[in-house]
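Novice: Quick one: the structure is below, and I'll ask about it shortly.
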Amino acid sequence: MKTQRLSIGVLMIAVFVTYFTLGTARAEGKGEYPNLTDWANTWFKVKLTGTTYHFDGIGVKPKPAAPVSQTMGIAYVHITNWDGDNHVLAADVYIKDDETGEWKLFFNDVDITYFAGSDLKFIGSAQWVIPDDVTLHLLLVFTGSKYTKGAKTGQFKLGGETKLSTIGGSLLEIDDAEDAPPELPLKERWAGSVSISGPMVSESSLPFNPDL
């Protein structure tokens, strides 16, 4: 009987210690919003891919019937600012014009709202819209790695160690042409999923001058 009481006592102590430890861990895990200032003025070269339905008119079935996976090209994302009061990163997105071959500012001064995570691994939500053209909804994952010693201490590591990706995204695109020739549809729609992924790059590696 004495041995049983000792066993029960040891078990109760173990439960208490476990509960206290978990409670302390939870309390220590609660903190302030991270300071994301270091992400300002950084660049990412990202690949866009999508799986979308295509509609060549209003009130018609998609053509083809199933969604089609496709590469949507390369974009450069410039994180321009961190608003610590509202927990929002600002960004510009550059995309290459297929007709001219020039890189153009496609999304200007769009928001990425911090949702959760640390200063080196966090998720942000974004809705990037060009009215009557393109709407992107994105859950973005920022993964950072920094030098901890040497002349570059505190700087982000490039070469794919610091990167931007998505864990979810949707695309809605409108292409209406009132003066389209008869053989082309007047109203086109694309709808589906979209993802982006790519490394942080140096500004000197850009194929265009963002100041022009």
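Novice: Among the numbered criteria (1) modelled with pLDDT of 95 or more; (2) over 24 Å from the mean Cα position of the chain (by Cα), which one does LEU171 miss?
Specialist: Exception for LEU171: condition (2).
Novice: Identify, please: which residue in segment 102-133 is assigned to a strand (DSSP E or B) and of a type in the set (D, E, K, R) and is, among those, surrounded by the most Cβ atoms within 10 Å (Cβ to Cβ)?
Specialist: ASP111
Novice: Let me ask something else about it. Would segment 112-132 turn up any residue that is closer than 29 Å to TYR53 by Cβ, in contact with a Leu (Cβ under 7 Å, 6 or more places away or on another chain) and acidic (Asp, Glu)?
Specialist: No, the conditions are met nowhere in segment 112-132.
Novice: Name the residues in segment 78-135 that are of a type in the set (A, V, I, L, M, F, W, C) and within 22 Å of ALA177 (Cα to Cα), would you? Quick ask: steps written out before the conclusion?
Specialist: Residues of segment 78-135 of a type in the set (A, V, I, L, M, F, W, C): 79, 82, 88-91, 93, 95, 103, 105-107, 110, 112, 115-116, 120, 122-123, 126, 128-130, 134.
Correct list: ILE95, PHE106, PHE107, VAL129, ILE130, VAL134.
Novice: Within segment 165-174, identify whether any single residue is without any contact (Cβ under 8 Å) to a residue 24 or more places away in the chain and surrounded by fewer than 17 Cβ atoms within 10 Å (Cβ to Cβ), and answer yes or no.
Specialist: The answer is no; no qualifying residue exists.
Novice: Looking at the structure I just gave you, is GLY144 at positive phi and surrounded by 13 or more Cβ atoms within 10 Å (Cβ to Cβ)? Spell out how you get there, then give the answer.
Specialist: On the way: at positive phi: no; surrounded by 13 or more Cβ atoms within 10 Å (Cβ to Cβ): yes.
So GLY144 fails the test.
Novice: Among LEU212, LEU158, LEU136, which is the only one that is under 20 Å from ILE79 (Cα atoms), free of Cβ contacts under 8 Å to residues at least 12 places away in the same chain and either surrounded by 13 or more Cβ atoms within 10 Å (Cβ to Cβ) or not assigned by TED's automatic domain parsing to the domain that holds VAL46 (or both)?
Specialist: LEU212
Novice: A further question on this structure: Taking the stated definitions as given, is LEU172 in the same structural domain as VAL60 (by TED's automatic domain parsing), closer than 17 Å to THR80 by Cα and hydrophobic (A, V, I, L, M, F, W, C)?
Specialist: Details: in the same structural domain as VAL60 (by TED's automatic domain parsing): yes; closer than 17 Å to THR80 by Cα: no; hydrophobic (A, V, I, L, M, F, W, C): yes.
Against the criterion (in the same structural domain as VAL60 (by TED's automatic domain parsing), closer than 17 Å to THR80 by Cα and hydrophobic (A, V, I, L, M, F, W, C)), LEU172 does not qualify.
Novice: Give me the pairs: first residue in segment 193-205 and within 16 Å of PHE156 (Cα to Cα), second residue of a type in the set (D, E, K, R) and not in a strand (DSSP E or B), beta-carbon distance under 9 Å, and six or more apart or on different chains, which are they?
Specialist: From segment 193-205, the pairs are PRO199/GLU161; MET200/LYS157; MET200/GLU161.
Novice: Can you tell me which residue among ALA75, ALA90 is touching a Gly at 6+ places or on another chain (Cβ under 9 Å), of a type outside the set (Asp, Glu) and part of a strand (DSSP E or B)?
Specialist: Numbers: ALA90 fails: touching a Gly at 6+ places or on another chain (Cβ under 9 Å).
Selected residue: ALA75, the only one of ALA75, ALA90 that is touching a Gly at 6+ places or on another chain (Cβ under 9 Å), of a type outside the set (Asp, Glu) and part of a strand (DSSP E or B).
Novice: Which pairs do you get when a residue that is closer than 18 Å to LEU172 by Cβ, found in segment 60-85, comes within reach of a residue that is surrounded by 14 or more Cβ atoms within 10 Å (Cβ to Cβ) and of a type in the set (Lys, Arg), reach meaning Cβ atoms under 7 angstrom, with the pair 6+ apart or on two chains?
Specialist: Close Cβ pairs (under 7 Å, with a partner that is surrounded by 14 or more Cβ atoms within 10 Å (Cβ to Cβ) and of a type in the set (Lys, Arg)) amount to GLY73/LYS96.
Novice: Ok, one more. Could you list, in sequence order, the residues of segment 20-39 that are loosely packed, with under 15 Cβ neighbours inside 10 Å and at pLDDT 95 or above?
Specialist: Listed by number, the residues that qualify are TYR33, ASN35, THR37.
Novice: Okay, moving on. Any residue in segment 125-132 that is at pLDDT below 95 and not hydrophobic (A, V, I, L, M, F, W, C)?
Specialist: Taking every residue of segment 125-132 in turn, at least one turns out to be at pLDDT below 95 and not hydrophobic (A, V, I, L, M, F, W, C).
Novice: Test ILE95 against the stated conditions and say whether it is assigned to a strand (DSSP E or B) and in contact with a helix residue (DSSP H, G or I) (Cβ under 7 Å, 6 or more places away or on another chain). If you could, list the steps in order and put the result at the bottom.
Specialist: Working: assigned to a strand (DSSP E or B): yes; in contact with a helix residue (DSSP H, G or I) (Cβ under 7 Å, 6 or more places away or on another chain): no.
Here the answer is no, as ILE95 does not meet what is asked.
Novice: Does PRO67 count as farther than 30 Å from PHE122 by Cα, at pLDDT 95 or above and out of contact with any Lys or Arg (no Cβ under 9 Å at 6 or more places or on another chain)?
Specialist: Judged against the criteria, PRO67 is a match.
Novice: In the set GLY59, GLY101, GLY50, GLY73, which member is small (Gly, Ala, Ser), farther than 29 Å from GLY160 by Cβ and assigned by TED's automatic domain parsing to the domain that holds SER197?
Specialist: On the way: GLY101 fails: farther than 29 Å from GLY160 by Cβ; GLY50 fails: farther than 29 Å from GLY160 by Cβ; GLY73 fails: farther than 29 Å from GLY160 by Cβ.
Answer to the check: GLY59.
The values are calculated or read from the model by the stated rules, or taken from the named source; none is laboratory data. If you're wondering where the values come from, they're calculated on a predicted model, not measured in any experiment. With ideal geometry, Cβ positions are generated from the backbone for all residues, glycine too; neighbour counts draw on all protein chains shown.
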